[in-house]
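Working notes, structure below.
The values are calculated or read from the model by the stated rules, or taken from the named source; none is laboratory data. Since we're looking at a predicted model, the values are computed, not measured. Cβ placement follows ideal geometry from the backbone for every residue including glycine, while neighbour counts extend to all protein chains displayed.
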Amino acid sequence: MTYSVRLVSARGGAVACSSSVCVWTERLGGQRFQGFDALYVAGGTGVTRAAADESLIDSLRIACSQSGVVSSLGNGDVMLAAAGISRRDWASVGRGVWHTGTSKSAASTERNDALINSLALVKRDLGYDIATAVADRLSSSNDQHLPIMLSTIGTTTLAEKAQESARWLERNCGRPISVGDAARTVAMSERNFLRLFKREMGLTPSQYLLRARLDLSCELLVKSDLPIDKIARRTGLTNGERFSKVFRKQFLMSPTEYRSKRKNGDAL
């Protein structure tokens, strides 16, 4: 799995971080910054001034409204407060939990925020075991809090686990994934996962995955001129022959007929 990471700022260009390293950013705003899966709002020494920038706050408000996860790093919560945005992050992990009797600097707190948010993303997409392995490698011999904190992140109800796995199936329906893969993302046995998913979603995971693949295939049929074989591969349906068989069973017409009717505006 690959992630597309975008660094953005109010006006774009070079921005110096707390370690004095400069990073290049794009200007926030416009269509290209809509629909983030996860949006992290960083703070810094200029956060009070930035929070008073009405244009920036308006752009941030729009970006947050179209993002699945919204979280702050360091004192970035000042920006969220100015925009009237509530955090929609991975779990309710109080910052006090990071402190183990010794005071920590703002830079340390910001670093911990960034680490735990990154690990939460890995846990959501690749499962608890892989996220724990990453946390173990990041933790020093004198600092073992990351694996402990990871176990508390994303603590969800069973219904939320089913919904989380359903979203994972939708995001990954174009890949050759299995029900076992989906079960691992929510740290459940395949048997228990099957029972839970059917109870909460009304479909088996396999049925839900097939529906997601067919929805994606319908979109590609209408919005692209890709050949049937290529659409089959991009939607996890192996090849054109299998794709056509499954599609016809669901829609009572071939993919080619569906494409023609939709593009001509005919009723289905």
ask   = Just to be sure, is Ala50 over 21 Å from the mean Cα position of the chain (by Cα), within 29 Å of Thr157 (Cα to Cα) and at pLDDT 85 or above?
value = no
remark   = Flagged in the range 187-209 as in contact (Cβ under 8 Å) with a residue 40 or more places away in the chain and crowded, with 20+ Cβ neighbours inside 10 Å, in numbering order, are Pro205, Tyr208, Leu209
query = Quick one: which of Thr204, Thr152 is more than 28 Å from Gly265 (Cα to Cα), touching a helix residue (DSSP H, G or I) at 6+ places or on another chain (Cβ under 9 Å) and at pLDDT 95 or above?
reply = Thr204
remark   = Within the range 8-47, residues modelled with pLDDT under 80 and either part of a strand (DSSP E or B) or of a type in the set (Lys, Arg) (or both) come out as Arg32
inquiry  = Restricting to the range 210-243, and then to whatever is over 26 Å from Glu190 (Cα atoms) and aliphatic (A, V, I, L, M), can you tell me which residue is surrounded by the most Cβ atoms within 10 Å (Cβ to Cβ)?
reply    = Ala232
request  = Go through the range 241-265 and give me each residue that's assigned to a helix (DSSP H, G or I) and either within 16 Å of Ser224 (Cα to Cα) or acidic (Asp, Glu) (or both).
outcome  = Glu241, Pro255, Thr256, Glu257, Tyr258, Arg259, Ser260, Lys261, Arg262, Lys263, Asn264
note = Checked pairs for the range 237-265, first of a type outside the set (A, V, I, L, M), second assigned to a loop (DSSP other than H, G, I, E, B) and crowded, with 17+ Cβ neighbours inside 10 Å, C-beta under 7 Å and 6 or more apart or across chains, list as Phe243/Leu237
ask   = Of Leu220, Leu210, Leu216, Leu196, which residue is under 29 Å from Tyr128 (Cα atoms), part of a helix (DSSP H, G or I) and touching a Leu at 6+ places or on another chain (Cβ under 8 Å)?
value = Leu196
task = Would you be able to tell me the number of residues in the range 165-193 that are in a loop (DSSP other than H, G, I, E, B), farther than 26 Å from Lys230 by Cβ and touching a Ser or Thr at 6+ places or on another chain (Cβ under 9 Å)?
result = 2
task = May I ask you to list the residues in the range 103-128 that are at pLDDT below 75 and acidic (Asp, Glu)?
result = Glu110, Asp113
